[in-house]
Each structure stands twice: as C-alpha cells, then as structure tokens.
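The values are calculated or read from the model by the stated rules, or taken from the named source; none is laboratory data. Computed from a predicted model, the values in this text were never measured in an experiment. Virtual Cβ from ideal backbone geometry, glycine too; neighbours counted across all protein chains shown.
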Amino acid sequence: MKKLLFEMEIRKLSISEIDKFHLTFSRIIGDGFPEYSQELVDFIIEEDFKPEVLKEKLEKKEYTILVAEEEKSIVGFLIFEKLYGGVSYCTWLGVLREFRGKGIGRQLLATWEKEILLQGGHKLMLLTQAEKNKIFYEKCGFEEEGLEKESWFGLDALIFGKIIGKPNPEIFYQRSS
C-alpha cells in the first residue's frame with residue numbers, strides 16, 4: 001500500500017469490489033477518452049469490461065487491478081495482465097478528471113512497476129491512442145517503441161515500454177497456479 005500526500009491509498013482490488021469499481025471505471029472511460037466514439041465507450045463498459053468479465057479475469061489471475069482511493073472512494077485505477085515472458089502489459093490506466101494532475105497516475109505506474117519487479121519481471125508495456133499521453137509516459141520513464149497503425153477499433157496506437165530489470169529466464173517457463 002502506498003500513501004500519497006493527500007490521503008490517497010493505492011492497493012489491489014478484490015473480486016468482491018468489482019461492482020463498486022465498475023462505476024468508477026465507467027465514469028473514467030466515458031469521460032477520459034475523447035478519441036473514442038460513444039458507441040465504442042458503451043461497448044467497452046457494457047461488454048468488453050463488464051463486471052462479469054472483470055471478475056472472471058481476476059479469478060483466473062489474468063488481471064490485477066490497482067486502485068487509488070481517497071476517503072474510500074476509487075478515483076483512479078491501473079489494470080495489468082499477468083507476467084508473461086518477463087513482461088507485464090497495462091490494459092488500462094485512468095484517473096477521474098477532478099483528480100488528474102495530482103500524481104495519481106504516476107503512483108499507479110510506480111506501484112505496478114514494484115509489483116512486477118517482485119514477480120521477477122523485467123519490462124512494462126502499454127499502448128496509448130492519445131498523443132497527449134506521450135509526454136506523461138515519457139516523464140514516467142517509458143520510451144516510445146513504435147506505432148501500431150489502425151490498431152484496436154481502427155485507431156493508431158503508440159507503443160511504450162520500460163525496462164525495469166534484467167531478463168530472468170528462470171521465470172519465463174513458470175506455470176500458472
């Protein structure tokens with residue numbers, strides 16, 4: 001658990017909290033991704049990342065969800081996939097509009113990095129479809145590694161990576177529990 005200056009806590013979300021989380025997830029996806037059409041936002045919220053899907057991904061340990069809370073309210077999150085070949089992929093990072101610019105996204109990324117280091121991982125990866133996020137990720141130590149043209153939903157996506165350690169072949173072949 002990490003504490004930020006203004007009583008912010010960053011922790012892992014439990015399966016029993018998915019419904020509460022999904023309310024904030026929906027608000028952030030609906031408000032924080034202007035490059036997405038309303039139809040796409042609705043699809044992401046109501047199908048791709050509906051509560052049942054998130055619960056299943058957590059139960060199978062395919063996803064970990066970090067949440068940032070202020071006074072027991074979720075104000076930001078980072079969803080990342082389980083380690084594969086020493087690399088972890090961030091599926092979503094989002095912060096409520098009124099809490100942006102306060103270091104929450106940076107702290108979520110830092111907590112993800114520490115978690116992956118503890119698991120023996122050597123690299124973090126993420127994509128962004130918003131050019132405005134490029135400077136933020138670079139300030140957090142990520143490097144632009146490429147461009148996926150007409151990627152998911154027909155949008156171009158910038159590929160970012162961050163080397164956080166040396167590759168460890170011993171973890172490459174671990175079986176899921």
Check the stretch 166-176 and report whether any residue there is surrounded by 17 or more Cβ atoms within 10 Å (Cβ to Cβ) and either within 18 Å of the chain's Cα centre (by Cα) or more than 20 Å from Phe33 (Cβ to Cβ) (or both).
no
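For every residue, the table says whether it meets (1) touching a helix residue (DSSP H, G or I) at 6+ places or on another chain (Cβ under 8 Å); (2) among the charged types (D, E, K, R).
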| site | (1), (2) |
| --- | --- |
| Lys60 | no, yes |
| Ile74 | yes, no |
| Phe77 | yes, no |
| Tyr89 | no, no |
| Arg100 | no, yes |
| Glu115 | no, yes |
| Leu118 | no, no |
| Glu143 | no, yes |
| Gly146 | no, no |
Does the stretch 100-112 include one or more residues that are touching a residue at least 24 places away in the same chain (Cβ under 8 Å) and not in a helix (DSSP H, G or I)?
yes
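Among the listed residues Tyr84, Tyr89, identify the single one that is surrounded by fewer than 20 Cβ atoms within 10 Å (Cβ to Cβ), of a type in the set (Phe, Trp, Tyr) and over 15 Å from the mean Cα position of the chain (by Cα). Full working, then the answer.
On the way: Tyr89 fails: over 15 Å from the mean Cα position of the chain (by Cα).
Of the residues listed, the single one that is surrounded by fewer than 20 Cβ atoms within 10 Å (Cβ to Cβ), of a type in the set (Phe, Trp, Tyr) and over 15 Å from the mean Cα position of the chain (by Cα) is Tyr84.
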Can you tell me which residue in the stretch 113-153 is nearest to Pro167 (Cα to Cα), limited to those that are in a helix (DSSP H, G or I) and among the aromatic types (Phe, Trp, Tyr)?
Tyr137
Scan the stretch 111-123 and give yes if some residue there is modelled with pLDDT of 95 or more, among the β-branched types (Val, Ile, Thr) and under 26 Å from Asp31 (Cα atoms), otherwise no.
yes
Please count how many residues of the stretch 1-58 are modelled with pLDDT of 95 or more and of a type in the set (Gly, Ala, Ser).
3
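Taking helices (runs of 4 or more DSSP H) that fall entirely within the stretch 1-92, which contain at least 3 residues that are touching a residue at least 60 places away in the same chain (Cβ under 8 Å)? Step through it out loud before you land on a result.
On the way: elements: 18-32, 38-43, 51-59.
In the stretch 1-92, 18-32 are the helices (runs of 4 or more DSSP H) which contain 3 or more residues that are touching a residue at least 60 places away in the same chain (Cβ under 8 Å).
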Listed residues Glu144, Glu150, Glu138; which is within 27 Å of Ser37 (Cβ to Cβ) and in contact with a strand residue (DSSP E or B) (Cβ under 8 Å, 6 or more places away or on another chain)?
Glu144
